[in-house]
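Here the structure comes first, spelled out in structure tokens, and everything after it is commentary.
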Amino acid sequence: MRNVVVVGSGCAGNTAAIYAARANLTPLVISGNEPGGQLSLTTAVENFPGFPEGIQGPTLVENIKQQALNFGAEYLSGAVLEADLSKRPFRLNVEGEWIEAKALIIASGASARWLGLESEKKLIGHGVSSCATCDGFFYRGKKIMVVGGGDSAMEEANFLTHFGSEVAVVHRREQFRASHIMVERAKQNPKIKFLLNTVVEEVFDVEKGYVTGVRLRNVRTGEITNREVDGFFLAIGHIPNTAPYRGQIELDAEGYIVSKGGARTSVEGVFHAGDVQDRVYRQAITAAAAGCSAAIEAERYLQSVQA
Ligand code: NAP
């Protein structure tokens, strides 16, 4: 039986582990399917306070983990397959082994949705990105492409015009999912060009190890074209990693945890941290802050039930 189990080892989970470990709670962190979370998929991070020269994303998240280990946090690799939050202690099935916890911090994140191309996967962090805020800065004066037709795609395309010489928005349909105002704002931006009814079939150049262009197909005409691109940004949505908790804590229509104030969820003793609840900011620093809040609340909760 653990005092605190933290699910997820990204910025939020590892920060929660530092705080919980320093409160002598010996937290157990379950690393999850994507150890290190979104930071492990990026290269340089230049907006995390405290690193004037920037820091590599994987190094940053590994450092936070090391800091948690130094204070006595323990790590278990594997993913939560099933959870029972209906009674105390909470029970989690981690790869077949059941673990009991007095308090639970869910920091399992939201995974970016990718197109699923092999070439895209190989070039993540080398021109392929799912975070304009994180990586836009690296494409000053370069050709940028954004895939998606939702509000994120419009927002990111506008944001990326601060850096790129041009931003091409590729959307698979004619109609946008994005709100009218966001589409209009993007349309009025002279640097943004729309490629509608178009899908990306290939990202070049895996051989070179960085993005040089894409192959596009117009789904109406079947026409195939190649286009030079330096930065390739996906904005086709995120999938919160909450499947084991469905039906047990309150989730919104898209599966994000509904916050009940602070880090609280609809189940007392279960707390949220990071992108699993936050669909708005999704930054390493906001996830770290959320991890801190969740650990402080978990500590207070444990004190209250033990009193
Ligand atoms: P979204 O609204 O779900 O839009 C995803 C877009 O990606 C859709 O246009 C979809 O195309 C496309 N897409 C999905 N899978 C694809 C695939 N495999 N290949 C090609 N295209 C694909 O996601 P989002 O834009 O991230 O927004 C999420 C939520 O946050 C929304 O509620 C949004 O309003 C909100 N948000 C608001 C703001 C704001 O107000 N400032 C900013 C960002 C996000 P289809 O349209 O064809 O399905």
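The values are calculated or read from the model by the stated rules, or taken from the named source; none is laboratory data. Quantities reported herein were computed from a predicted structural model and do not represent experimental measurements. Quick reminder, even Gly has a Cβ in these numbers, built from the backbone with ideal geometry, and neighbours come from all protein chains shown.
If I106 meets every condition in (1) more than 12 Å from the ligand (Cβ to nearest atom); (2) in contact with a strand residue (DSSP E or B) (Cβ under 6 Å, 6 or more places away or on another chain); (3) over 26 Å from G36 (Cα atoms) apart from one, which number is that one?
Only one criterion is unmet by I106, namely (3).
Would you call S108 buried (at least 22 other Cβ atoms within 10 Å of the Cβ), part of a loop (DSSP other than H, G, I, E, B) and not charged (D, E, K, R)?
Here the answer is yes, as S108 does meet what is asked.
Of all residues in region 270-281, how many are within 16 Å of the ligand (Cβ to nearest atom) and part of a loop (DSSP other than H, G, I, E, B)?
Of the residues in that region, 5 qualify.
Against the definition (in the same structural domain as A83 (by TED's automatic domain parsing) and free of Cβ contacts under 8 Å to residues at least 60 places away in the same chain), how does A290 come out, yes or no?
Taking the combined requirement at face value, the residue does not satisfy it.
Would you mind stating whether V267 is farther than 30 Å from V147 by Cβ, part of a loop (DSSP other than H, G, I, E, B) and more than 16 Å from the ligand (Cβ to nearest atom)?
The answer is yes for V267.
Within region 110-148, which residues are within 14 Å of the ligand (Cβ to nearest atom) and without any contact (Cβ under 8 Å) to a residue 40 or more places away in the chain?
Matches in region 110-148: G116, K121.
Please indicate, with yes or no, whether at least one residue in region 132-144 is surrounded by fewer than 23 Cβ atoms within 10 Å (Cβ to Cβ), over 13 Å from K191 (Cβ atoms) and hydrophobic (A, V, I, L, M, F, W, C).
Within region 132-144 (the criterion being surrounded by fewer than 23 Cβ atoms within 10 Å (Cβ to Cβ), over 13 Å from K191 (Cβ atoms) and hydrophobic (A, V, I, L, M, F, W, C)), the answer is yes, since at least one residue qualifies.
State whether the residues of region 174-191 include one that is of a type in the set (S, T, Y), in a strand (DSSP E or B) and in the same structural domain as I144 (by TED's automatic domain parsing).
no
Quick grid of which residues meet (1) among the charged types (D, E, K, R); (2) touching a Leu at 6+ places or on another chain (Cβ under 9 Å); (3) without any contact (Cβ under 8 Å) to a residue 60 or more places away in the chain:
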residue	(1), (2), (3)
H180	no, no, yes
N189	no, no, yes
E202	yes, yes, no
R215	yes, no, yes
Q248	no, yes, no
L251	no, no, yes
E254	yes, no, yes
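Just to check your reading of the model, which residue among T225, T221 is loosely packed, with under 13 Cβ neighbours inside 10 Å, assigned to a strand (DSSP E or B) and either more than 16 Å from the ligand (Cβ to nearest atom) or in the same structural domain as V280 (by TED's automatic domain parsing) (or both)?
T225
If we keep just the residues of region 32-58 that are out of contact with any strand residue (DSSP E or B) (no Cβ under 8 Å at 6 or more places or on another chain) and assigned to a helix (DSSP H, G or I), which is surrounded by the fewest Cβ atoms within 10 Å (Cβ to Cβ)?
Applying the filter and picking the extreme gives P58.
Starting from residues that are of a type in the set (D, E) and either within 12 Å of the ligand (Cβ to nearest atom) or not assigned by TED's automatic domain parsing to the domain that holds F204 (or both), keep the ones in region 149-173 and report whichever is surrounded by the fewest Cβ atoms within 10 Å (Cβ to Cβ). Can you show your working first?
Our first condition is that a residue be of a type in the set (D, E); within region 149-173, this holds for 151, 155-156, 166.
Subset that is either within 12 Å of the ligand (Cβ to nearest atom) or not assigned by TED's automatic domain parsing to the domain that holds F204 (or both): 151, 155-156.
Working: D151: 16, E155: 18, E156: 27.
Once the filter is applied, the top-ranked residue is D151.
Being in a strand (DSSP E or B) and touching a Pro at 6+ places or on another chain (Cβ under 9 Å) is the filter here, so list the residues in region 79-102 that pass it.
Within region 79-102, V80, L81, E82, A83, L92, N93, E100, A101, K102 qualify.
State yes or no: is G72 over 21 Å from the mean Cα position of the chain (by Cα), surrounded by 14 or more Cβ atoms within 10 Å (Cβ to Cβ) and outside any helix (DSSP H, G or I)?
yes
Could you pull out the residue among V280, V305, V276, V258 that is touching a Ser or Thr at 6+ places or on another chain (Cβ under 8 Å), of a type outside the set (F, W, Y) and surrounded by fewer than 18 Cβ atoms within 10 Å (Cβ to Cβ)?
It is V258.
Name the residue, out of S152, S179, S165, that is within 15 Å of S129 (Cβ to Cβ) and polar (S, T, N, Q).
Every option except S152 fails the conditions.
For E207, indicate whether it is in the same structural domain as N226 (by TED's automatic domain parsing), surrounded by fewer than 23 Cβ atoms within 10 Å (Cβ to Cβ), within 15 Å of the ligand (Cβ to nearest atom) and modelled with pLDDT of 95 or more. Even if it seems obvious, please write down each step before you answer.
On the way: in the same structural domain as N226 (by TED's automatic domain parsing): yes; surrounded by fewer than 23 Cβ atoms within 10 Å (Cβ to Cβ): yes; within 15 Å of the ligand (Cβ to nearest atom): no; modelled with pLDDT of 95 or more: yes.
No, not satisfied.
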